[in-house]
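Where a number appears in this text, it was derived from the coordinates with a stated rule and is not lab data. What you see is a predicted model; the values in this text were computed from it and never measured. Here Cβ is always computed from backbone atoms with ideal geometry, including for glycine, and neighbour counts include all displayed protein chains.
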Amino acid sequence: MSSKEQKQDKNNEVESMEVVEDEETKHQRITKETITEIKRNFTLLERAVETIESRFTTRVLRTLPSIRRRLTSEILAQVISDYYNSGDEQRSELLKYLNETEKASSEEETDKKNVVLPEVDIYLYLNVLIYLLDKNELEKGLELSNKTIEKVVHLNRRTMDQIAARVYFYHARFHELTNTLAEIRPVQLAAHRTATLRHDVESQATLLNLLLRNYFFHNLYDQADKLVSKSTFPEKAGNNQAARYAYYLGRIKALQLDYTAAHTYLTQAIRKAPQNNVTAGFQQTAYKFFIVVQLLMGEIPERSVFRQTILKKALAPYLVITQAVRVGDLNKFQEGLAHYDAVFKKDKTYTLILRLRHNVIKTGIRMISLSYSKISLRDICIKLHLDSEEDAEFIVAKAIRDGVIDATLDHSKGYMKSKEVVDIYSTNEPQNAYHQRINFCLNLHNEAVKAMRFPMDAHRKELASAEEARERERELAQEIAEGDLDDDDDMGDF
């Protein structure tokens with residue numbers, strides 16, 4: 001090997017060592033930053049308890065998505081070892097679930113004895129639950145979530161309400177993934193009743209949605225309807241919970257044949273949900289029911305809906321059904337239904353799609369009436385792939401009675417004769433369409449007014465000095481700059 005080649009090999013070795021060192025340095029930096037951020041959240045939780053201000057807890061919970069992406073067992077073990085005192089039961093318990101040994105605490109942490117704050121304690125339990133969920137360690141997570149719920153109920157602190165709501169969510173998530181949701185229904189009902197009596201808005205909204213999800217998971221739609229009729233969703237709940245609640249209401253109304261109300265609720269759910277990739281699962285699920293309901297109302301969804309990046313693949317089966325309904329092709333509808341049978345049953349839209357058969361036939365008859373001034377029942381039977389002329393006659397008669405087509409039926413000679421097309425502007429159709437659009441705009445305006453955030457004048461009296469007022473303004477400016485006001489990782493677990 002020449003001296004030039006040896007020199008090149010040495011340079012390559014040095015470069016590879018530098019790359020390794022850079023990766024190690026980056027890992028250490030991320031670990032240090034994450035630990036610092038978690039400990040900063042401890043301080044915010046302490047301030048929340050001291051000042052009885054929920055906004056500090058809200059700031060802590062908004063950091064969950066970013067911290068979640070960086071969480072490791074090493075980071076959690078270090079934070080737990082630093083916060084809890086040596087010999088604390090919580091310390092050994094959490095480290096056991098992480099399969100980690102105790103880390104050496106820093107000198108500052110060693111010299112002092114920490115007073116364990118319940119809010120910080122449950123916050124650490126929450127982070128461990130999220131870590132176990134991401135690592136798919138369901139049995140450990142299930143056991144720890146049950147213990148955490150027991151701790152939350154026993155502590156019974158109002159300053160813990162927001163964190164408790166998140167704990168209830170992940171508690172239900174672990175039980176859903178292990179197919180044991182029915183077991184926790186009494187726990188959720190009791191917790192929802194307690195949260196309602198205490199005016200705990202966050203827990204009340206979260207638990208109501210979890211109960212509805214529990215009932216829907218087991219196809220208990222009557223119980224879900226009774227729960228909705230006997231309970232009230234808090235108006236001050238966040239957009240994410242409001243979107244979930246509107247989605248469940250939309251599904252209930254669709255099953256009850258109230259398609260107009262179902263369409264309204266599903267529209268609200270789609271509009272209130274954050275429009276990002278984190279909530280892709282929720283958007284896909286909501287749009288599936290939205291499209292089917294729209295078809296059942298006799299409307300055709302816009303093609304642009306099926307072209308959206310996060311929806312294109314998930315809505316492909318529904319595009320086939322939509323095309324069949326649009327052209328009134330019963331044969332194509334039956335083929336699409338048979339081909340995507342398993343998909344529709346998994347999405348729980350199969351029962352609703354079966355109802356579309358009549359809509360396909362009505363659309364076909366409408367197109368036939370526009371194309372032919374006179375046509376025999378036999379030809380209608382062939383075009384719509386019906387079993388007999390008697391079926392065709394019955395369907396045409398019903399379409400005429402429902403006002404779908406403007407035609408007459410001659411039973412003795414066996415044909416349908418379409419009437420001349422009248423000017424649509426001489427009918428009530430334009431007025432009805434205009435009325436529908438006005439209602440939509442008014443509802444949109446009312447929702448926008450409700451969602452507006454006004455200055456909290458009540459808190460200004462509690463600010464002791466101008467310095468605290470400036471600090472509050474800086475915090476608000478930081479939250480606006482971050483743009484995380486509506487970004488909630490829970491939607492990703494929908």
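Observations on the structure shown:
- Relative contact order, percent, the stretch 278-395 [alpha-carbon distance under 8 Å, six or more residues apart]: 24
- With R₀ set to 41 Å, the beta-carbon distance separating Gln28 from Val116 gives a calculated FRET efficiency near 0.90.
- Remark: the stretch 295-311, residue by residue, has Karplus-estimated 3J(HN,Hα) of 5, 5, 7, x, 9, 10, x, 5, 5, 4, 4, 6, 9, 5, 4, 7, 10 Hz, where x stands for each Gly or Pro and the curve is 6.51 cos²θ - 1.76 cosθ + 1.60 at θ = phi - 60°.
- Burial ranking of peptide ranges 247-256, 44-53 (average Cβ count within 10 Å, highest at the top): 247-256, 44-53
- Put simply, when 271-278, 168-175 are sorted by average Cβ atoms within 10 angstrom per residue, most first, you get 168-175, 271-278.
- Residues Gln275 and Ser371, FRET efficiency given R0 of 41 Å [Cβ-Cβ distance, rounded to 0.05]: 0.50
- For Ala407, the residues whose amide H sits under 5 Å from its own are Lys419, ignoring neighbours fewer than 5 places away on the same chain, with H placed 1.01 Å from N.
- Prolate/oblate/rounded call for the stretch 250-329, Cα gyration tensor, a/c under 1.5 rounded: oblate
- Between Lys398 and Thr194, the contour length at 0.36 nm per residue exceeds the alpha carbon distance by 68.2 nm.
- Lys, Arg +1 and Asp, Glu -1 on Cβ, resulting dipole of the stretch 128-234 about Cα centre, debye, nearest 20: 320
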